[in-house]
Amino acid sequence: MILVLLGAPGSGKGTQAQRLMKERSLPQLSTGDMLRSAIQKGTDLGLKAKGFMDRGELVPDQVVVGLIAERSQDSDCVNGYILDGFPRTIPQAEALDKMLSERNAAVGRAVLFQVQDEEVVQRIAGRRSCANCGAMYHVDVKPPKKAGVCDQCGSNQIVLRDDDRADVVRKRLEVYRSQTAPLQAYYEKAGILRTIDASQSPDQVFQSLIRALQ
Ligand code: AMP
């Protein structure tokens with residue numbers, strides 16, 4: 001199944017996508033992760049994307065559509081994949097539908113993670129990530145086992161992402177409301193939208209996600 005996860009930054013869709021990836025053996029395609037990896041490698045694409053990301057704006061549609069068009073052709077995507085953070089605009093959703101119909105495929109389900117703005121701001125303020133491998137932590141909910149050291153790669157670069165600063169988060173929420181929220185109506189019209197309450201505990205959200213896929 002090709003699955004789209006929709007939700008504001010901090011709604012927990014990335015965490016749930018990783019869990020679902022393990023349970024269903026479907027790869028998680030996160031445009032945010034792909035862009036951050038390009039930045040880390042210092043590629044032209046990364047240099048181009050960094051300014052937009054640091055300001056909390058969206059990178060141009062054609063850039064992310066190109067990333068997904070390429071990645072979704074890898075062999076691990078033959079049985080489907082989880083789109084996390086893509087599409088984020090109506091033109092991206094339209095480009096995705098067009099690309100999939102050319103491959104005789106379609107989005108099977110879109111799941112909207114619903115959560116209040118105040119909770120999002122609180123969650124993101126405590127979010128930390130490993131600058132070396134991208135592993136995610138939270139100061140209260142999921143600290144690394146040894147303070148300041150990444151559980152996955154052992155690096156001691158556990159940092160607040162540039163775009164997780166409070167002023168940038170406010171901008172990202174504004175962008176979400178104006179450019180990404182209209183996707184709810186887009187997928188509702190297609191009859192494939194399910195909405196889940198993402199303010200519950202991670203385990204409860206995962207159960208809701210599984211139910212939404214049935
Ligand atoms: P994320 O990790 O999904 O919250 O993405 C972090 C940042 O990457 C966003 O604030 C955007 O600047 C950029 N980004 C990620 N996915 C997209 C997308 N589908 N369209 C445009 N920009 C994106």
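Any read-out appearing in this document is the output of simple, stated calculations on the displayed coordinates, not a laboratory observation. Worth saying up front: this structure is predicted, and the values here are computed from it rather than measured. Note: ideal-geometry Cβ built from the backbone for every residue, glycine included; neighbour counts use all protein chains shown.
Among GLN114, GLN18, GLN152, the largest mean-square fluctuation in a Gaussian network model of the chain (Cα springs under 10 Å) belongs to GLN152.
Remark: for residue pairs LYS142/LYS189; LYS13/LYS50; LYS48/LYS145; LYS48/LYS189; LYS22/LYS145; LYS13/LYS145, the C-alpha separation exceeds 32 Å in LYS142/LYS189; LYS48/LYS145; LYS48/LYS189. Summing +1 for each Lys or Arg and -1 for each Asp or Glu among the other residues whose beta-carbon sits under 14 angstrom from that of PRO27 gives -2.
Considering every alpha-carbon pair of the chain, the percent of pairs per 5 Å bin, from zero through the bin containing the longest distance, is 1, 7, 14, 19, 22, 19, 12, 5, 1, 0. Between ASP117 and ILE90, full extension at 0.36 nm per residue minus the direct alpha carbon distance yields a gain of 7.5 nm.
Residues ASP76, ASP163, ranked from the fewest to the most other C-beta atoms within 10 Å, line up as ASP76, ASP163. Cys residues of the chain that find no other Cys beta carbon under 4.7 Å: CYS77. Cross-link partners for LYS171 among the aspartates and glutamates, with Cα-Cα distance under 20 Å and sequence neighbours closer than 8 places in the same chain left out: ASP33, ASP54, GLU57, ASP61, ASP84, ASP117, GLU118, GLU119, ASP162, ASP163.
The H on the amide N of SER30, modeled in the peptide plane, is under 5 Å from the matching H of ASP84, each at least 5 residues off or on a different chain. For the stretch 64-70, the Karplus equation 6.51 cos²θ - 1.76 cosθ + 1.60, evaluated at θ = phi - 60°, returns couplings of 6, 4, x, 4, 5, 4, 6 Hz by residue, with Gly and Pro reported as x. Each residue in THR180, THR195 was given a count of other beta-carbon atoms within 10 angstrom of its own, and listing them fewest first yields THR195, THR180. Global dimensions of the stretch 1-55 from alpha-carbon coordinates: Rg and Dmax equal 13.2, 35 Å. For the pair LYS48 and ALA106 in one chain, pulling the backbone fully straight at 0.36 nm per residue adds 17.9 nm over the alpha carbon distance. How high is the relative contact order of the stretch 128-185, in percent, with contacts defined as C-alpha pairs under 8 Å that are six or more residues apart? Relative CO of the stretch 128-185 lands at 29 percent.
Computed 3J(HN,Hα) for the stretch 93-110, one whole-Hz value per residue from the Karplus formula 6.51 cos²θ - 1.76 cosθ + 1.60 where θ = phi - 60°, is 5, 5, 5, 5, 4, 5, 4, 5, 5, 5, 9, 6, 9, 7, 5, x, 7, 10, glycine and proline marked x. Measure nothing but the geometry: give the 0 to 90° angle between the long axis through the Cα atoms of 13-24 and the longest principal axis through the Cα atoms of the chain, rounded to 10°. Roughly 70 degrees between the two axes. The Cα atoms of the stretch 30-71 define a convex hull whose projected area, averaged across directions, is 2.7 nm².
With a cut-off of 9 Å between beta carbons, the residues surrounding LEU213 carry a summed charge of +4, where Lys and Arg count +1 and Asp and Glu -1.
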